[in-house]
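Read the figures in this text as sums done on the coordinates, not as results from a lab. Note that the structure is a prediction, hence the values are computed from the model and not measured. Please note: Cβ atoms are built from the backbone with ideal geometry, for glycine as well, and neighbour counts cover all protein chains shown.
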Amino acid sequence: MRFVDEKREGYVTKIIDTQTLGVTDEDGFEIPVALSNLTSVHGHGVVAEELDTPKPIQVNIPSINKIENGIYVAVATDDKAGNVVHFHLQNHSPNILLVSLTTARKEKYAGAFHGIIESYASTLVYSASLADLDLWPEFNFQVLVFSKADVKPIDPLVIGKKFRAKDFSTEQKELPQLKNKGWMIRLDDLVPVSIDPQKLKESFFKSTEEKRTVAAPQKEIDLHIEKLRDDHHFLEADEMLQIQINHFQTAMDAAVVHHFDKIVFIHGSGNGTLRDKIHKLISKNPHVKTYMDARKEKFGYGATEVVFK
């Protein structure tokens, strides 16, 4: 291959994605190059004769299913054992994933899988009986996303998933990369997305005809689930935690919109799960100056005060 914009040649040694190839030059260094910046040349080990007109480069691009890029669990049925399903973690992206799977049941944990999943690849990570759905553990995935392309790295993903009957209420379909039928469940959609307060504010003031305002939150936000939902007795632990996180995020965004100096979140002591989750989100918020335990004489260690910039 010859570079279009400079006098250099090399050999295609890797397919990075549909638009980028890894080309090793004469010095033995592999570099990512866009397809549009390459042209074919004749010869091997001799002076190359440049073609009069560049021809399309024929490469074997991996077959990509018509499915949105992302991380999925393909839950496949077993032809021989009717109630058994197999969980295949599928990487429908040009990135490489470094993954660990830990199961949790009644505060007891077990490592179920660890490994590397190449781009557009699939691997079996777990099997279970569909008849025992109510006894299945919670699945906790930790994912590092690696790319050789010139892109900014994204934060590691921590994805918790508790499978329920509704996940399997739809009709079974042919699964990509697998011979069996089953269900496709996207995982990276479950990662909480932090809302940009400025964009949130703008969305509420679209036009003079459609003026909407963000209600100012209280100075102290109680995140105890009984304060948020009357039906909390019927909720699973992961559902309650997600409701609390959502309520926290909404209050944080509204506090920024209304230029609060500070706000207090009452999360209780408990096992520290909620406290750790919101502290992680607070630490990543660009509008936060600092945070600390709120007044201990009033809240003990069960509340966090956030101070904004």
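For the reader, a short list of remarks on this structure follows.
- Interchain or long-range residues, amide H under 5 Å from A112's placed H: L101, T102, T103
- The phi-based Karplus calculation (6.51 cos²θ - 1.76 cosθ + 1.60; θ = phi - 60°) puts the 3J(HN,Hα) values of the range 163-179 at 6, 10, 4, 5, 5, 10, 7, 8, 5, 5, 10, 4, 9, x, 6, 10, 8 Hz, whole numbers, x for Gly and Pro.
- Ranked by how many other Cβ atoms sit within 10 Å of their own Cβ, fewest first, the residues E30, E171 fall in the order E171, E30.
- Pairwise label distance in nanometres, N69 with D132, each label 7 Å out on the Cα-Cβ vector: 3.9 nm
- The simple Förster model, with R0 at 41 Å and r as the Cβ-Cβ distance, assigns E305 and E174 a FRET efficiency of 0.20.
- Per-pair calculated FRET efficiency, R0 = 45 Å: A34 and L241 via Cβ, rounded to 0.05: 0.55
- Based on the Kirkwood approach, the hydrodynamic radius assigned to the range 70-190 is 15.0 Å, with every pair of different Cα atoms included.
- D222 long-range amide H proximity, modeled H, under 5 Å: I266
- Computed from phi, the 3J(HN,Hα) profile of the range 247-258 under the Karplus parametrisation 6.51, -1.76, 1.60 (θ = phi - 60°) reads 5, 4, 5, 4, 5, 4, 4, 5, 5, 5, 4, 8 Hz, with x in place of Gly and Pro.
- Looking at the range 64-117, the trypsin sites (Lys or Arg not before Pro) that sit in a DSSP loop and have at most 16 other Cβ atoms within 10 Å of their own Cβ are K66, K80, K106.
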